[in-house]
Amino acid sequence: MCRTDWHECQWIQFLHSVGLLRAAFRPEEQVCAVRAIVRHRHQLVEMAAQHVQHMQKAMTLMNLQLQHVLNDITGTTGLAIVDAIVAGERDPKELSKLRDPRVKASLEVIEKSLCGNWREEHLFTLGQFRQFHRFYQEQIVICETNIERLLQQFDPRVDPQQTPLPPDNKCNRSAAKRRKKAGHVESQFDLRTEAYKLFGVDVTQIPGLETNVLPLFSEVGRDLSRWPTASHFISWLSLCPDNDISGGRVLWRGMRKANNRAGQIFRLAAQSLHRSPTPLGEYLRRLKAKLGPAGATTATARKIATLFYTLVTRQVEFDHTLWRATDAQRQRRIQARLTRQSRRLGYQRVPLEVSSSM
């Protein structure tokens, strides 16, 4: 008899009814509601980014090279100049006066980049795309307000008034400040405080998760008891290699191709640490030289996920001083390896301080 999808569905239903199949992970209903709004907000961000590209194209067609002078035309200076152009200002000298003092480009450079042909059809499209961008920014703020309302329905695990937040890490604070967009409509949503009340610990102290805590909460929630150990959690995130074994023989070894949103969040968190001075940033850069960018990103994402699971399940704060002992142990291993190699080649390793004094 030919097996069809209908027979396969019956067979899967039978296996599930007798307990031979485990159910897929699904957060509780409150978390699913937050997840729907967070995913919708992500779509709005993508749409707003498309209209930024449309504004750049309209300005390029008018021979305006502002996007090559400013790193981001959606910043304070860029949006001020675009709004002035849409309002009817055409003088490059007057437009360059809208330059923010923090911009590295000089007034002369900005003035030269604003010498265009000012075609009416491109001015019209520029105004349309600017309105679309402003509209999506306003909708994003409305989404954040709705998310904040949904988060208020969760019972807090800790009261920030009785148990204050731990001191913010300097590296994490500077990273979050760099990621904050200037010139955008900002909401009054305090992500760090809300995440502290939800998880009971300050998970934003983990490098890379400063701004990814809310999407991560919407995907996995705060009850991680569905995964007995951190290894189970890592396997579900598809952040560990998979071995295809048949008859005791390894047929294939590599990363599974899975579209896991939570795993992608940890990968993004790992990629953001490329220039981070934190120990995780050093770990990422060290593994890039050894495993390559893809392997290093996966390994760092796995370490971040392990830290996240440990902090949430054990309710302990992230301690940066624990990395010092690990780094010291790694330095001792490197020194011991260099000593063995020197002796094998007939040399003697002399510390730099001793050799300079001699």
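Go through the range 195-241 and give me each residue that's closer than 26 Å to residue 255 by Cα, part of a loop (DSSP other than H, G, I, E, B) and over 19 Å from the mean Cα position of the chain (by Cα).
224, 225, 226, 227, 228, 229, 240
Restricting attention to the range 1-42, which residues are surrounded by fewer than 12 Cβ atoms within 10 Å (Cβ to Cβ) and either in contact with a helix residue (DSSP H, G or I) (Cβ under 6 Å, 6 or more places away or on another chain) or among the polar types (S, T, N, Q) (or both)?
Listed by number, the residues that qualify are 4, 10, 13, 17.
Kindly check whether there is at least one residue in the range 344-352 that is loosely packed, with under 10 Cβ neighbours inside 10 Å, among the hydrophobic types (A, V, I, L, M, F, W, C) and more than 24 Å from the chain's Cα centre (by Cα).
Yes, the range 344-352 contains a residue that is loosely packed, with under 10 Cβ neighbours inside 10 Å, among the hydrophobic types (A, V, I, L, M, F, W, C) and more than 24 Å from the chain's Cα centre (by Cα).
Could you pull out the residue among 59, 47, 55 that is over 18 Å from residue 261 (Cα atoms), under 20 Å from the mean Cα position of the chain (by Cα) and either in a helix (DSSP H, G or I) or touching a residue at least 40 places away in the same chain (Cβ under 8 Å) (or both)?
Just a single option satisfies the conditions, and that option is 47.
Scan the range 73-93 for residues that are free of Cβ contacts under 8 Å to residues at least 24 places away in the same chain and more than 14 Å from residue 131 (Cα to Cα) and report the count.
So the answer is 6.
Identify, from the list 328, 296, 305, 336, the residue that is surrounded by 13 or more Cβ atoms within 10 Å (Cβ to Cβ), without any contact (Cβ under 8 Å) to a residue 60 or more places away in the chain and either under 30 Å from residue 199 (Cα atoms) or over 19 Å from the mean Cα position of the chain (by Cα) (or both). Talk me through it step by step, then tell me what you get.
Working: 328 fails: surrounded by 13 or more Cβ atoms within 10 Å (Cβ to Cβ); 305 fails: without any contact (Cβ under 8 Å) to a residue 60 or more places away in the chain; 336 fails: surrounded by 13 or more Cβ atoms within 10 Å (Cβ to Cβ).
When all the criteria are applied, what remains is 296.
Only one of 307, 251, 268 is farther than 24 Å from residue 38 by Cα and not in a loop (DSSP other than H, G, I, E, B); which?
It is 251.
What pairs come up if the first residue lies in the range 15-34 and is free of Cβ contacts under 8 Å to residues at least 12 places away in the same chain and closer than 17 Å to residue 154 by Cα, the second is polar (S, T, N, Q) and assigned to a helix (DSSP H, G or I), and their beta carbons are under 9 Å apart, counting only those six or more places apart or on different chains?
32/218
A short reminder: the numbers here are calculations on the coordinates, not readings from a lab. Keep in mind it's a predicted model, so treat the numbers as computed, not measured. We place every Cβ from the backbone using ideal geometry, glycine too, and count neighbours over all the protein chains shown.
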